[in-house]
């Protein structure tokens, strides 16, 4: 069997709706990053796709996540701020939101002489993965922990599984900022599998938990700008309508034709049925949300997210599951 690995032609690429200006952030510099102040000594760094944050303190720099795609630009951004403000550029603490490699693999760039902190399950999963780019955190917490470092207060919270089993909230009350990664893609729809949610009910509940904190600025881990409370609400509306539409279509659509006409090809029957549910549930979303949230017309993302939700509705919540008489 021969696999086609030739490059795609420009003519073969699909057309998509323009990205709303509200979904875009500041331009990156020649080195590929943007660094900006959030409040006081709290800063954020982005390459337009990933984000992290850092605090400058008398005890050194506290880094919040270490995304691989930003990589060495994390230190360059810190150096830029340290030079401008005449503060230390040495990273002494690294706090992880969760164990995933894309948000943590630049950790090894900062060597062994730093304190790494994360949820206890982040430590367990990093030990399991045995990735030299992601040394496991030495200091952990279970449900919550308050850090006092260099005169700054950082509140760590775990409210159950969502995007991943260990995904945690980092709250900086004195900087009016919350960091919650891989749940809300600020200004954009979720990607495949609802951002690859490990726990769909937990993922859907996470924004409400986030809004329960008092904050103005959100470091969401993805895309090119900081988030606001309105961004979280827009995400809730988009996902919430997807859930409601799926429930309505799945519980009212007569699937007989798929199971009679395609039998005994069981998987063809199931695919025909569930794919049609997802298609009908998502059809109204693009028209309503294009121009408000980027990617609403990218079927591969939207349909994949809806499929993942539908499976959770069936298997986690029992929607449409009937016991044979």
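The values are calculated or read from the model by the stated rules, or taken from the named source; none is laboratory data. All values reported here derive from a predicted model rather than from experimental measurement. Cβ coordinates were reconstructed from backbone atoms using ideal geometry, including for glycine residues, and neighbour counts include every protein chain displayed.
Observations
- Residues of region 212-231 that are buried (at least 23 other Cβ atoms within 10 Å of the Cβ) and without any contact (Cβ under 8 Å) to a residue 60 or more places away in the chain: 218, 227, 231.
- Given (1) closer than 22 Å to residue 319 by Cα; (2) surrounded by fewer than 18 Cβ atoms within 10 Å (Cβ to Cβ); (3) touching a helix residue (DSSP H, G or I) at 6+ places or on another chain (Cβ under 7 Å), index of the condition residue 243 fails: (2)
- Answer residue from region 140-165, given it is in contact with a strand residue (DSSP E or B) (Cβ under 6 Å, 6 or more places away or on another chain) and loosely packed, with under 14 Cβ neighbours inside 10 Å and is nearest to residue 200 (Cα to Cα) among those: 144
- Test: residue 93 is touching a residue at least 24 places away in the same chain (Cβ under 8 Å), touching a helix residue (DSSP H, G or I) at 6+ places or on another chain (Cβ under 8 Å) and crowded, with 16+ Cβ neighbours inside 10 Å: no
- Among the residues of region 102-113, those identified as part of a loop (DSSP other than H, G, I, E, B) and surrounded by fewer than 19 Cβ atoms within 10 Å (Cβ to Cβ) are 105, 111, 112, 113.
Residues checked against (1) within 21 Å of the chain's Cα centre (by Cα); (2) outside the structural domain of residue 202 (by TED's automatic domain parsing); (3) within 18 Å of residue 184 (Cβ to Cβ):
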site	(1), (2), (3)
292	yes, yes, yes
296	yes, yes, yes
299	yes, yes, no
304	yes, yes, yes
307	yes, yes, no
321	no, yes, no
324	no, yes, no
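- Contact map, region 150-170: first residue farther than 16 Å from residue 117 by Cα, second residue at pLDDT below 95 and assigned to a loop (DSSP other than H, G, I, E, B), Cβ cut-off under 7 Å, separation 6 or more or different chains; pairs are 151/58.
- Residues of region 142-172 classified as closer than 21 Å to residue 107 by Cβ and either part of a loop (DSSP other than H, G, I, E, B) or over 21 Å from the mean Cα position of the chain (by Cα) (or both), total: 12
- Helices (runs of 4 or more DSSP H) fully within region 207-309 that include at least 2 residues being closer than 30 Å to residue 52 by Cβ, touching a strand residue (DSSP E or B) at 6+ places or on another chain (Cβ under 8 Å) and modelled with pLDDT of 95 or more: 229-252.
- Residue match in region 72-91 (condition: at pLDDT 95 or above, closer than 25 Å to residue 184 by Cα and in a loop (DSSP other than H, G, I, E, B)): no
- The test for being assigned to a helix (DSSP H, G or I), at pLDDT 95 or above and within 21 Å of residue 195 (Cβ to Cβ) does not hold for residue 99.
- Among residues that are farther than 16 Å from residue 255 by Cβ, surrounded by fewer than 15 Cβ atoms within 10 Å (Cβ to Cβ) and at pLDDT 95 or above, residue 316 is included.
- For residue 62, the requirement of being part of a strand (DSSP E or B), in contact with a helix residue (DSSP H, G or I) (Cβ under 9 Å, 6 or more places away or on another chain) and surrounded by 13 or more Cβ atoms within 10 Å (Cβ to Cβ) is not met.
- Residue 127 being out of contact with any strand residue (DSSP E or B) (no Cβ under 9 Å at 6 or more places or on another chain) and either assigned to a strand (DSSP E or B) or modelled with pLDDT of 95 or more (or both): yes
- Scanning region 114-124 for residues that are without any contact (Cβ under 8 Å) to a residue 24 or more places away in the chain and in a strand (DSSP E or B) turns up just one, 116.
- Which numbered condition residue 295 misses (of (1) closer than 30 Å to residue 43 by Cα; (2) free of Cβ contacts under 8 Å to residues at least 60 places away in the same chain): (2)
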